[in-house]
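What follows draws every value from the coordinates through simple rules; no lab data is involved. These numbers come from a predicted model, not from an experiment. Note that each Cβ is placed from the backbone with ideal geometry, even for glycine, and that neighbours are counted across all protein chains shown.
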Amino acid sequence: MDWFVNVNKQQIAKIIELLILKKTEIGVRIKGEKNPFRSTFIKLGSRPGESDSKTPEKQPALIMEKVFPEKGNSLIESSPDVLIESVLGEVQFRFKTRYLGISSAYPYFGIITEFPESLEIKEQRRDDRVIPKMPDFISVEFSFGEISGKERSYKLDIFDCSRHGLGLLVTDKEIELLRMLKPGDKIKDITFYASWTMIQVDAVVKHRSKIKSGKHKGQYVIGIESSEIIENCRPPQKRNNKLF
């Protein structure tokens, strides 16, 4: 499967926050060095001299532990840019960044690098997996719009999940989707988020259903199906409303 480029700052920040949360090891590649150095990200925060912020719009910086082996800590200061690479589950990530300075603020001692302009993502193809294992999906994000209008970005929570597909919860804020999407429509490049990974695939709308009972009574669910996600799929928590 080819690498695809994500330039959405909020999505990039979420992935980096997962790397921090999981204390995932990262490879730090410096030009001229055969092997990558090793480190972990410890904070997504402000650039040196700026007030702390985690919003991608304000271009926060990244703080990583000093790299190992030790010589990489001096090399990174003089390198025009470095390549960061890591893996979450079955998804590979990589992006370029550059050195900004040293963080000496307790407890975040380490190397400060800039927030990436883009992030490359690659997931192993389903056909290459010996034993497919799918994550507990939490939410999805996609862009959609009518032919005569501009596309809008939507982020919906997962309402229900079965071996046949996923149910996306439609609240009052996204109610226009019920008019725009009908069974058989294809949603391209829909991103599925789990607690530890993300997968981007195409999906087909299977149904639109009104919830008849429970916490979300009166709201709607859009059922979608994708050959990439139906096997071993299960919801993030038990739900009483089974629609398909």
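Brief remarks on what is shown
- For the pair K14 and E33 in one chain, pulling the backbone fully straight at 0.36 nm per residue adds 3.9 nm over the alpha carbon distance.
- Placing R0 at 41 angstrom, the Cβ-Cβ distance between K66 and K212 gives a FRET efficiency of 0.10 after rounding to 0.05.
- J(HN,Hα) series, the stretch 170-185, from Karplus relation 6.51 cos²θ - 1.76 cosθ + 1.60, nearest Hz, glycine and proline x: 9, 8, 4, 6, 10, 4, 5, 4, 5, 7, 7, 9, 9, x, x, 5
- Amide proton proximity set for I42, modelled H, under 5 Å, gap of 5+: I63, M64, E65
- Going from the fewest other Cβ atoms within 10 Å to the most, the residues D185, D2, D160, D172 appear in the order D2, D172, D185, D160.
- Under a 5 Å amide H cut-off, with hydrogens placed 1.01 Å from N, G145 pairs with R152 among residues at least 5 apart or on other chains.
- Rounded to whole Hz, the Karplus (6.51, -1.76, 1.60) HN-Hα couplings of the stretch 27-42, x for glycine and proline: x, 10, 9, 10, 4, x, 9, 5, 10, x, 8, 10, 6, 9, 6, 10
- Per-bin percent of Cα-Cα distances, the stretch 137-225 [10 Å]: 17, 55, 26, 2
- The modelled label-to-label distance between E114 and F4, using points 7 Å beyond Cα along the C-beta direction, is 2.7 nm.
- Virtual spin-label span in nm between E77 and K173, 7 Å along Cα→Cβ: 4.5
- Separation in nanometres of the label points that stand 7 Å from Cα toward Cβ, at L100 and K186: 4.1
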